[in-house]
Protein chains: 2
Amino acid sequence: MKMAASATEDHKAPRTERGRKTLRKLLDAAAGEFGDHGFHEASISSITRRAGVALGTFYTYFDSKDEIFRALVADMSEAVKFAAREAIRPDMQALEIERAALEAFLQFAGDHKEVYRIIDEAEFVDPDSYRSHYETVGTRIVERLQRGGQDGAMRGDLGEIEAWSLMGMNVFLGLRYAIWRREGDPGPKEVARVANRFLRKGIEG
Amino acid sequence: MKMAASATEDHKAPRTERGRKTLRKLLDAAAGEFGDHGFHEASISSITRRAGVALGTFYTYFDSKDEIFRALVADMSEAVKFAAREAIRPDMQALEIERAALEAFLQFAGDHKEVYRIIDEAEFVDPDSYRSHYETVGTRIVERLQRGGQDGAMRGDLGEIEAWSLMGMNVFLGLRYAIWRREGDPGPKEVARVANRFLRKGIEG
């Protein structure tokens, strides 16, 4: 599965379909290259080789390795959001949305194991992108919790503390059950089911 | 607050009190140096300068920058565990233990902001330490949940999925309310109170 196109919206955005395809190829190649080798070992020439484009083409879209890395973090943020949204149907109730979004996220992370390494490396390569990624997701979750409170499926007094708790749950379940998956582990559907029970009812006896 | 002595147990462990103090100084200096500059920019000579010991002394305890980094990750894991244990009294019920441990962790992370950067950087510098840190904490939480199930304070069917959910909550609450703390944010006590309500009852309306 390819990631949703986006990123680099404010600079050098391609205007043609062909340009958008080349940008997509560069971002996918960068995901592979940064995922395999990390930021410091990755090179622009390896990215263009993987993408099957000329080295000079890179500079039509990006000024530097830093810039494509930043664009990739934004692109992956978008792709994660897109994967979760795809799983949601309009008739779902707020807690069912959380279950479906987590299942889709676990599936996505299993199919794109590089996503953790790249977003985590942003903490060192580009701290602003790293923080902005989580703050954006956190804000989105606060909004979902508020909608859940309005329609009665969730308590009416939820806020940022619960949103960051929920985000942390999902990130760590992805780490354990997608990235560090072991033979015999429960799959995305079962992990999302158990986590959703936790989310609904808590763990009090 | 200084961290609990530990780590490097299997190699070059100091046998005298003076040796233990020097090791402690080196690990505290390493926490400052890796926390400020990251692994790649940090140097052994800066660590010994911060520790106020001769360069040669370093090699009495560690063979390389990699080795002190690994020892530091293990030491910080221990220090986090120690801070949480200090907060727990023997008469506390299982869910109250979780509240007290989270409050202590948030306090600890606020006082030792470098702990996140160093453990997170282990993902790149020493992936085995990184995974082992979280797996160890996860196993410890599974045990706490099982004890909670036995004494009736928690449901009796909790396992690894709930343990990693709880660990993710705590890590992300530390990231948001200790590391990225903002003016006017709730303090450790209030964050732990709200998170504990989530943990007990969930968010269903």
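The values are calculated or read from the model by the stated rules, or taken from the named source; none is laboratory data. The structure displayed is predicted, hence computed values, not measured ones. Cβ sites come from the backbone with ideal geometry, for glycine too, and all protein chains shown count toward neighbours. Remember, those area values only see protein heavy atoms, side chains included, never the ligands or the DNA or RNA. Shrake-Rupley method; radii C 1.70, N 1.55, O 1.52, S 1.80 Å.
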query: Given (1) crowded, with 18+ Cβ neighbours inside 10 Å; (2) free of Cβ contacts under 8 Å to residues at least 60 places away in the same chain, where does A:GLU103 come up short, assuming only one miss?
result: (2)
query: Taking only pairs six or more apart or across chains, which ones have beta-carbon atoms under 6 Å, a first residue in the range A:171-191 that is in the same structural domain as A:ARG99 (by TED's automatic domain parsing), and a second residue that is modelled with pLDDT under 95 and surrounded by fewer than 18 Cβ atoms within 10 Å (Cβ to Cβ)?
result: A:ILE179/A:LYS113
message: Among the residues of the range A:84-142, what is the count of those that are among the aromatic types (Phe, Trp, Tyr) and closer than 17 Å to A:PRO188 by Cβ?
response: 3
message: Of everything in the range B:113-168, what is of a type in the set (Lys, Arg), in contact with a Gly (Cβ under 7 Å, 6 or more places away or on another chain) and within 7 Å of chain A (Cβ to nearest Cβ)? Give them in sequence order.
response: B:ARG155
message: I'd like the full set of residues that are in a helix (DSSP H, G or I) and open to solvent by less than 10 Å² (accessible area, probe 1.4 Å), limited to the range B:142-171.
response: B:LEU145, B:GLY148, B:GLU162, B:ALA163, B:TRP164, B:SER165, B:LEU166, B:MET167, B:GLY168, B:MET169
- prompt: From the residues in the range A:172-184 that are more than 9 Å from chain B (Cβ to nearest Cβ) and part of a loop (DSSP other than H, G, I, E, B), which one is least open to solvent (accessible area, probe 1.4 Å)?
  reply: A:GLY184
Residue ID - nearest to the chain's Cα centre (by Cα), chosen from residues in the range A:185-205 that are more than 13 Å from B:GLY159 (Cβ to Cβ) and facing another protein chain (nearest Cβ under 7 Å): A:LEU199
task: Please tell me if B:ARG131 is out of contact with any strand residue (DSSP E or B) (no Cβ under 8 Å at 6 or more places or on another chain), closer than 24 Å to A:TYR116 by Cα, open to solvent by 20 Å² or more (accessible area, probe 1.4 Å) and not aromatic (Phe, Trp, Tyr).
output: yes
field: Members of the range B:66-94 found to be part of a helix (DSSP H, G or I), within 17 Å of B:ALA109 (Cβ to Cβ) and open to solvent by 10 Å² or more (accessible area, probe 1.4 Å), listed by number
entry: B:SER77, B:GLU78, B:VAL80, B:LYS81, B:PHE82, B:ALA83, B:ALA84, B:ARG85, B:GLU86
